[in-house]
Amino acid sequence: MYIYLYLNIFTILFPLLLSFDRKVSFYRNWPALLPAIVVNGLFFIVWDSLFTEKGVWGFNDEWLTGIYIANLPLEEVLFFITVPYACVFIYDVLNAYITKDLLQPYAKSIAFMLIMVLPVIAVFNMERWYTSVTFMLLAILHLVHLRFFDTRYLGRFYLAYLVHLVPFLLVNGVLTYLPVVWYNNDYNLGLRIVSIPIEDSMYSMLMLLLTISVYEGLRQRFSIKQYQPTVV
């Protein structure tokens, strides 16, 4: 059974069909979204490939099509397209339908807490590569995001992240319970949300924040180009 392929289809099907909703008109943002997905995909595919090679995690052929790109299943490569698309869709839908930025007053505190706590956990778990690399990169990305955007998008990002945890638990729950994806506990904390390594929640936040940072940066640039007056 091609469970991982079906999960990819399930992940993107409704966001793709609803991209033409009049209020959101998500398809209008594809020129900014697609490059953001490419940047995110290139980064995570290289990382994923290296960790697969080192045995940090791996894949169960029983649930795959058997098509591989380098040392990664086709489904894993598709994951870095379908999941960012669906997550940014959630982000834009929430922005369209919830006009008040509910978490903006707490955004800087949440960011600073993550920036302070995650590197400490990473440093004390250097030999656990999944933990140390993920936590350190997430802290660094928060610093970079704050440098370029301050907290302009962070409140809405954190809300989208919280909402995305529902499909995250469903999809990752299936992937890790069967398991389609297995993890070597020598490289993580060994703490699980049912069958999902706790690191997956931070990995997902890192992936979402990287995509949205590039996405919003490109939307800002496109907007400046579109409305910038011509100098004669």
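The values are calculated or read from the model by the stated rules, or taken from the named source; none is laboratory data. None of these values were measured; they are calculated from a predicted model. Methodologically, a virtual Cβ is constructed for each residue, glycine included, from the backbone with ideal geometry; neighbour enumeration extends over all protein chains shown.
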Legend entry - Cross-chain or 6+ apart pairs with Cβ under 7 Å, region 50-61 first and farther than 21 Å from TYR177 by Cβ, then surrounded by 12 or more Cβ atoms within 10 Å (Cβ to Cβ) and polar (S, T, N, Q): GLU53/ASN71
Inset, instruction - State yes or no: is VAL93 assigned to a helix (DSSP H, G or I) and either within 25 Å of SER132 (Cβ to Cβ) or touching a Cys at 6+ places or on another chain (Cβ under 7 Å) (or both)? - result: no
Legend entry - Residue list for region 66-89, restricted to those being surrounded by fewer than 18 Cβ atoms within 10 Å (Cβ to Cβ) and not in a strand (DSSP E or B): GLY66, ILE67, ALA70, ASN71, LEU74, ILE81
Inset, instruction - May I ask you to list the residues in region 107-127 that are more than 21 Å from the chain's Cα centre (by Cα) and surrounded by 14 or more Cβ atoms within 10 Å (Cβ to Cβ)? - result: ASN125
Inset, instruction - Could you please find all residues in region 172-211 being under 24 Å from TYR2 (Cβ atoms), in contact (Cβ under 8 Å) with a residue 40 or more places away in the chain and over 13 Å from the mean Cα position of the chain (by Cα)? - result: VAL174, LEU175, LEU178, PRO179, VAL180, VAL181, TRP182, TYR183, PRO197
Inset, instruction - Report yes if some residue within region 142-163 is without any contact (Cβ under 8 Å) to a residue 40 or more places away in the chain, more than 24 Å from GLN220 (Cα to Cα) and touching a helix residue (DSSP H, G or I) at 6+ places or on another chain (Cβ under 6 Å); otherwise report no. - result: no
Inset, instruction - Within region 22-34, track down each residue that is touching a residue at least 12 places away in the same chain (Cβ under 8 Å), out of contact with any Leu (no Cβ under 6 Å at 6 or more places or on another chain) and of a type outside the set (Val, Ile, Thr). - result: LYS23, PHE26, ASN29, PRO31, LEU33
Inset, instruction - Tell me, please, whether a residue that is at pLDDT below 95, of a type in the set (Phe, Trp, Tyr) and part of a helix (DSSP H, G or I) can be found in region 213-224. - result: yes
Legend entry - Any hit, region 51-65, residues being hydroxyl-bearing (Ser, Thr, Tyr), touching a strand residue (DSSP E or B) at 6+ places or on another chain (Cβ under 8 Å), crowded, with 17+ Cβ neighbours inside 10 Å and under 20 Å from LEU175 (Cβ atoms): yes
Inset, instruction - Please work out which one of (1) surrounded by 12 or more Cβ atoms within 10 Å (Cβ to Cβ); (2) of a type in the set (Lys, Arg); (3) outside any helix (DSSP H, G or I) is the condition LYS100 fails and give its number. - result: (1)
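So that you can scan it fast, the table gives a plain yes or no per residue for (1) assigned to a loop (DSSP other than H, G, I, E, B); (2) over 25 Å from THR11 (Cβ atoms); (3) modelled with pLDDT of 95 or more:
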residue	(1), (2), (3)
ALA107	no, yes, yes
LEU143	no, yes, yes
LEU146	no, yes, yes
ARG152	yes, yes, yes
TYR158	no, no, yes
LEU162	no, no, yes
GLY173	no, no, yes
Legend entry - Filter result (aliphatic (A, V, I, L, M) and either over 20 Å from ASP21 (Cβ atoms) or touching an Asp or Glu at 6+ places or on another chain (Cβ under 7 Å) (or both)) within region 88-113: LEU102, LEU103, ALA107, ILE110, ALA111, MET113
